[in-house]
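Every read-out reported here was derived from the displayed coordinates using simple, explicitly stated rules and does not represent laboratory data. As the structure is a prediction and not an experimental result, all values here were calculated from the model. Backbone-built Cβ (ideal geometry, glycine too); neighbour counts: all protein chains shown.
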Amino acid sequence: MIASPIYNNRQLRYFYTIDIVNKIIYVKISGNIYENEAAEMGIFFRKKALETDCKLFFDFSEAYNFILMGSAYFWFEHYYDKIDEKIRYTPTAYIMNPEQESFYNFIQTVCLNHGINIRVYKSEEQAVKWLMQKQQSEEKKNAVN
């Protein structure tokens, strides 16, 4: 992969907030994303989502991903399934960096094929709408039980 010069030496940064009412952890990421940092960050937020019974929202629109497609294909198997298989079922929405649309579409396809609850969007509005629909579905299920 050839990186554009504007992406050289951009340290990975993120900040997050937790919307307790809507049960969503919002994570805004900027800079370059490499496999080890991404795995560490992903484990942290996925564990936090399980602990707080929240959904996940990752905004990658200002980040540049250097993870190889082969690594992405086996991501859950290598990093998350060993921690807790429930991580697969946490509703997770990604906002993609438009320059890497094919990479994020690949991730969504792989995840859907492996039963992992991830969707990729171009806008925050679409992503949050999907996450809220997931919450409403869960609330209806719990009301029936």
Choose one of 29, 102, 69: the residue whose Cα lies farthest towards the positive end of the charge dipole of the range 2-103 (beta-carbon charges +1 Lys, Arg; -1 Asp, Glu; about the Cα centre). 29
Quickly estimate the mean residue ellipticity at 222 nm for the chain, helices only: each DSSP H run with n ≥ 4 gives -39500 (n - 2.57), and the total goes over all residues, rounded to 500. -12500 deg cm²/dmol
Net charge contributed by nearby residues that have their C-beta within less than 12 Å of residue 96 (K/R +1, D/E -1): -3
Each label point is 7 Å from the Cα along the Cα-to-Cβ direction; what then is the distance between the points at residue 36 and residue 66, in nm? 1.1
Hey, if you put +1 on the Cβ of every Lys and Arg and -1 on every Asp and Glu Cβ in the range 5-144, which of 60, 41, 131 ends up farthest toward the positive end of that dipole? 131
In nanometres, what is the gap between the two model label sites at residue 50 and residue 16, each 7 Å from Cα along Cα-to-Cβ? 1.3
In the neighbourhood of residue 17 defined by beta carbon distances under 14 Å, the net charge of the other residues (Lys, Arg +1; Asp, Glu -1) is +1
Summing Lys, Arg as +1 and Asp, Glu as -1, what charge do residues with Cβ under 13 Å from the Cβ of residue 39 carry, residue 39 excluded? -2
Here are labelled values, (i) 13.0; (ii) 8.8; (iii) 7.7, and one is the computed mean projected area of the Cα convex hull in nm² for what I pasted. Which one? (ii)
Cleavage-rule hits, trypsin sites (Lys or Arg not before Pro), the range 1-109, DSSP coil, Cβ neighbours within 10 Å at most 16: 10, 82
Share, in percent, of DSSP beta bridges within the chain that are antiparallel, nearest 5: 30
Extension reserve of the residue 122-residue 81 stretch, reckoned as 0.36 nm per residue once the Cα distance is removed: 12.0 nm
Rounding to the nearest 20 debye, state how big the charge dipole of the range 5-144 is about its Cα centre with +1 on each Lys and Arg Cβ and -1 on each Asp and Glu Cβ. 300
